[in-house]
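Here the structure is laid out as structure tokens; the discussion comes afterwards.
The values are calculated or read from the model by the stated rules, or taken from the named source; none is laboratory data. Worth saying up front: this structure is predicted, and the values here are computed from it rather than measured. Heads up, the Cβs are rebuilt from the backbone with ideal geometry, glycines too, and the neighbour counts pull from every protein chain shown. Ligands, DNA and RNA are excluded from the accessible area calculation, which covers all protein heavy atoms including side chains. Shrake-Rupley method; radii C 1.70, N 1.55, O 1.52, S 1.80 Å.
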Amino acid sequence: MSDGHLTLRDGRSLAWKEYGPADGRPILHFQGTPGSRFSRHAHEVVYQCLGTRFVVFDRPGYGASTRLPGRTVAVVADDAAQLLDHLGLDTVHASGGSGGGPHVLAFAANHAERVDAATVIVGGTQLEEEDVAGLIQINRDAWYAAHEGWEALRDLLAPMREEVLADPLAGFKALMDAAPPSDKAVMEDPDWQRVLVESVTEAFRPGVEGWVDEGMALTLDWDFDVADVRCSVTWWHGDHDANAPLAPVHRLLERMPGVELRLWTDAGHLEPYHRYEEILGELLSR
């Protein structure tokens with residue numbers, strides 16, 4: 001495991017962390033929302049088993065990466081390209097989970113020459129109001145708040161951040177109160193809990209602003225075209241996902257006809273915890 005900091009061309013700092021063998025096949029991962037460079041699978045031996053160098057970085061305003069007010073999804077894709085330049089990596093396999101899903105798509109669309117293949121794992125999509133009713137409450141409330149504006153979303157998320165920092169596990173479980181039973185079972189796993197606490201605590205350390213900025217970027221119009229993604233893409237999703245609903249995934253994929261959608265039955269948003277080696281193995285096979 002190694003970590004570092006990079007000064008980007010605009011003067012911002014970007015922090016990243018690597019897991020697995022330094023000479024492994026590189027995977028650039030865009031973690032979920034909220035999350036930090038400490039996001040990884042709890043059983044890190046999986047990276048050794050797969051022979052992969054797993055690279056994760058803090059997006060603006062999270063952890064040790066400088067905030068960029070008003071930042072968009074595509075900005076993160078550009079940051080990722082600068083990180084690859086710094087690491088001396090011409091191309092990578094790329095993955096994105098949950099809120100990281102739109103970011104990996106932006107990276108594949110805008111920096112196509114850097115991506116060998118991509119995977120989206122329970123990825124978030126742009127929602128219509130008709131999609132919101134079945135969401136967990138925080139995602140439902142955040143959708144409406146984001147459409148009111150940045151300050152409204154900050155007023156919603158700031159007290160939630162405080163609750164999570166006071167007791168990360170209890171705070172996260174409260175946010176996931178409407179999650180399906182399969183997700184609640186994952187949340188009882190001590191190893192999963194350990195990584196969650198590390199990742200979310202670091203993500204929230206500098207303040208709530210990074211979370212708010214990201215919520216605005218993901219909820220409102222994206223500044224890239226998913227139709228520009230040309231690499232091989234596999235999308236994994238649970239049919240009972242209450243964080244990122246399935247119906248708008250189907251709607252999005254109508255614009256990406258080459259994507260392979262793989263569905264888990266009776267599965268929620270945290271199902272990838274049990275499927276991790278399968279997911280990364282499939283990505284590396286392409």
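Relative contact order (percent) for the chain, with alpha-carbon contacts under 8 angstrom and 6 or more residues of separation? Display every interim value, and only then the final one.
On the way: 584 pairs, mean separation 65.1, N = 286.
Reported relative contact order: 23 percent.
Shape call for the chain from the C-alpha gyration tensor, a ≥ b ≥ c root eigenvalues: rounded (a/c under 1.5), prolate (a/b greater than b/c) or oblate? Please report the intermediate quantities before stating the final value.
On the way: a/c = 1.21, a/b = 1.15, b/c = 1.05.
It comes out rounded by the Cα gyration axes.
Would you mind checking the range 150-175 for residues with the amide N under 16 Å from a putative spin-label position 7 Å along Cα→C-beta of Val132?
Zone members listed by number: 150-157.
Show me, for the range 187-204, the HN-Hα J-couplings you get by feeding each phi into the Karplus relation (A = 6.51, B = -1.76, C = 1.60, θ = phi - 60°), rounded to Hz, glycine and proline as x.
5, 8, 6, x, 5, 4, 4, 4, 5, 4, 4, 4, 5, 6, 4, 5, 4, 7
Answer rounded, prolate or oblate for the range 168-222, using the Cα gyration tensor with square roots of eigenvalues a ≥ b ≥ c: rounded when a/c is under 1.5, else prolate when a/b is larger than b/c, else oblate.
Details: a/c = 2.66, a/b = 1.48, b/c = 1.80.
Oblate, since a/c reaches 1.5 and b/c is not below a/b.
Go ahead and run the numbers for FRET between Leu165 and His5, Cβ-Cβ distance against an R0 of 22 Å, rounding to 0.05.
On the way: r = 23 Å, r/R0 = 1.05.
After rounding to 0.05, the efficiency reads 0.45.
Give me the number: length gained by fully extending Leu263 to Ala174, i.e. 0.36 nm times residue separation minus the C-alpha to C-alpha distance, one decimal in nm. Mind dumping the intermediate values first?
Working: separation 89, 0.36 × 89 = 32.04 nm, distance 2.65 nm.
Residue separation times 0.36 nm, minus the Cα-Cα distance, leaves 29.4 nm.
Separation between the Glu254 and Glu44 pseudo-spin-labels, each 7 Å from Cα along Cα→Cβ, expressed in nm?
4.5
Working with all protein chains in place, sort Arg59, Arg275 by solvent-accessible area computed with a 1.4 Å probe, largest first. Don't skip to the answer; put the middle values down first.
Values: Arg59 0, Arg275 75 Å².
Reading off the accessible areas and sorting them downward yields Arg275, Arg59.
Classify the range 65-105 as rounded, prolate or oblate from the Cα gyration tensor: take a ≥ b ≥ c as the square roots of its eigenvalues, call it rounded if a/c is under 1.5, otherwise prolate when a/b beats b/c and oblate if not. Display every interim value, and only then the final one.
Values: a/c = 2.45, a/b = 1.23, b/c = 1.99.
Cα axes put the range 65-105 in the oblate bin.
Please give the FRET efficiency for Arg194 paired with Glu278, using the beta carbon to beta carbon distance and R0 = 25 Å, rounded to the nearest 0.05. Before the final figure, lay out each step's value.
Values: r = 22 Å, r/R0 = 0.89.
Rounded to the nearest 0.05, the efficiency is 0.65.
Please give the length that would be gained between Glu148 and Lys184 if that part of the chain were fully extended, namely 0.36 nm times their separation in residues minus their C-alpha to C-alpha distance (nm, one decimal). Walk me through the numbers before you get to the answer.
Working: separation 36, 0.36 × 36 = 12.96 nm, distance 3.11 nm.
Going from the current span to full extension adds 9.9 nm.
Convert each backbone phi in the range 7-23 into a coupling constant with the Karplus relation 6.51 cos²θ - 1.76 cosθ + 1.60 (shift: θ = phi - 60°), then list the ³J(HN,Hα) values in order as whole Hz, x for Gly and Pro.
Each residue of the range 7-23 in turn: 8, 6, 4, 8, x, 6, 9, 10, 10, 9, 9, 10, 10, x, x, 5, 9 Hz.
On average, how much accessible surface per residue is there in the chain, in Å², for a 1.4 Å probe, leaving out ligands, DNA and RNA? Mind dumping the intermediate values first?
On the way: 11370 Å² over 286 residues.
Ligands and nucleic acids excluded, the figure is 40 Å² per residue.
Please compute the contact order of the range 12-169 in relative form: average sequence separation of alpha-carbon pairs under 8 Å and at least six residues apart, divided by the residue count, as a percent.
Numbers: 244 pairs, mean separation 32.0, N = 158.
Once normalised by length, the contact order is 20 percent.
If each residue of separation counts as 0.36 nm, what is the full-extension length gain between Asp221 and Arg205 once their alpha-carbon separation is subtracted? Spell out each step's value before the answer.
Values: separation 16, 0.36 × 16 = 5.76 nm, distance 2.76 nm.
So the chain would gain 3.0 nm between Asp221 and Arg205.
Which of the peptides 200-211, 144-155, 234-245 is most tightly packed, and how do the rest follow, going by the mean number of other Cβ atoms within 10 Å of each residue? Walk me through the numbers on the way to the answer.
Numbers: 200-211: 20.4, 144-155: 15.8, 234-245: 22.0.
Per-residue Cβ counts within 10 Å, averaged per peptide and sorted highest first, yield 234-245, 200-211, 144-155.
Need one number: % antiparallel among DSSP beta bridges in the range 1-95, to the nearest 5. Mind dumping the intermediate values first?
Working: 10 of 18 bridges.
Approximately 55 percent, going by the DSSP bridge assignments.
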